[in-house]
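The values are calculated or read from the model by the stated rules, or taken from the named source; none is laboratory data. Just so we're clear, the structure is a prediction, and the values are computed from it rather than from any experiment. Here Cβ is always computed from backbone atoms with ideal geometry, including for glycine, and neighbour counts include all displayed protein chains.
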Amino acid sequence: MKNYYSTVDGVVMTFSDILCTYDGFDEIDVRFERANDKGGFDFAEGKLPNNMFYKTYGFSEDELMELEQYLKNNAFLIWRIAGEQ
């Protein structure tokens, strides 16, 4: 991902610039990740504007719900920053 957004409790969020899909709609790829005790990373990848994850590893269901809420709460600012690139 190109744009760093935040680090909260060891979870880093990054996002892409605004992307135009084949059907003409704008979207932004987002990624949350954190180091795990296995020497790798837990991650959750998703897209705005649907605020849902399509690929995850290592996060619990409760954590994913919290990340989705965080994404919804910050979506306006993320769109604004991505549009400035």
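For segment 28-51, a residue qualifies if it is surrounded by fewer than 16 Cβ atoms within 10 Å (Cβ to Cβ), among the charged types (D, E, K, R) and either out of contact with any Lys or Arg (no Cβ under 7 Å at 6 or more places or on another chain) or modelled with pLDDT under 95 (or both), and the qualifying residues are Asp37, Lys38. Scanning segment 6-31 for residues that are farther than 21 Å from Thr56 by Cβ and touching an Asp or Glu at 6+ places or on another chain (Cβ under 7 Å) turns up Ile18, Cys20, Thr21. Selection over segment 52-68 of residues that are surrounded by 15 or more Cβ atoms within 10 Å (Cβ to Cβ) and aromatic (Phe, Trp, Tyr) gives a count of 2. Which of the residues belonging to segment 47-60 are closer than 15 Å to Asn73 by Cα and out of contact with any Gly (no Cβ under 6 Å at 6 or more places or on another chain)? Within segment 47-60, Lys47, Leu48, Pro49, Asn50, Asn51 meet the criteria. In the set (1) within 10 Å of the chain's Cα centre (by Cα); (2) at pLDDT below 95; (3) of a type outside the set (Ser, Thr, Tyr); (4) crowded, with 16+ Cβ neighbours inside 10 Å, Ala82 fails one condition alone, (1).
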